[in-house]
Each structure stands twice: as C-alpha cells, then as structure tokens.
Amino acid sequence: MENENFFERVYVIARQIPFGCVTSYGAIAKALGTARSARMVGWAMNASHNREDIPAHRVVNRKGLLTGKIHFDGTNLMQQLLESEGVKVVDNQIIDFEKHFWQPEVTF
C-alpha cells in the first residue's frame with residue numbers, strides 16, 4: 001500500500017514533464033523529498049507501462065541514458081517516442097541532455 005502511494009506521487013510529477021523534455025529518476029526522487037529513492041522511482045516507471053497517462057519515456061538516468069528502454073514494447077520504442085518529441089538519441093544517450101532536462105519542483 002505504501003508503494004502504491006509513492007508510485008502515485010511519482011506519476012503526479014511524471015505527468016508534468018513537458019513535451020520534448022526529460023528528467024531523471026533522481027530528480028523526481030529529490031522533488032518528492034526522498035533523494036535516495038531513485039531506484040524506487042525506476043520501479044514506479046516500470047509499473048506504469050500499461051498506463052497511457054504516464055510519459056515514462058521522458059524519465060532517464062542522471063547521465064541521459066535510456067536505461068529503462070528494456071521495459072518498453074519494441075526494440076527502440078523509448079527512443080522513437082523521444083525523437084518524435086524532438087529529442088535526439090544516439091547509442092541510447094540523449095544528445096544535448098542539459099538542453100532537454102526538466103527539473104521538477106520540490107513537492108514536499
């Protein structure tokens with residue numbers, strides 16, 4: 001039950017990520033006041049793939065790597081979704097990561 005509440009809090013932030021932007025698992029964790037729970041944010045993103053209202057493709061690791069891509073249907077779906085929003089990806093790495101990075105507001 002506690003995980004479900006945490007996951008929903010993650011989803012509130014993920015829904016705010018603007019089109020053409022990305023954020024990181026750690027940035028979401030910090031915004032929630034749980035800076036050491038980036039891995040749990042990843043679990044939440046993995047659990048959201050059956051929900052069309054969660055843009056999980058916009059959440060990457062702190063270096064801009066598409067570490068969650070294995071959880072998307074199709075070989076390159078995560079990359080394709082990002083590229084359809086104007087985010088260039090080469091070798092599973094976002095090009096100009098800093099330019100596309102969106103920092104969520106602290107919510108705690």
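The values are calculated or read from the model by the stated rules, or taken from the named source; none is laboratory data. Source: prediction; values computed, not measured. Here the Cβ positions follow ideal geometry from the backbone for every residue, glycine too, while neighbour counts run over all protein chains shown.
Cβ-Cβ distances below 6 Å connect the following pairs, each with a first residue in segment 88-99 that is of a type in the set (Phe, Trp, Tyr), a second residue that is at pLDDT 95 or above, and a separation of six or more residues or different chains: PHE97/GLY64.
Looking at segment 1-41, which of its residues are among the charged types (D, E, K, R) and free of Cβ contacts under 8 Å to residues at least 24 places away in the same chain? Once the filter is applied, which keeps residues that are among the charged types (D, E, K, R) and free of Cβ contacts under 8 Å to residues at least 24 places away in the same chain, segment 1-41 yields GLU2, GLU4, GLU8, ARG36, ARG39.
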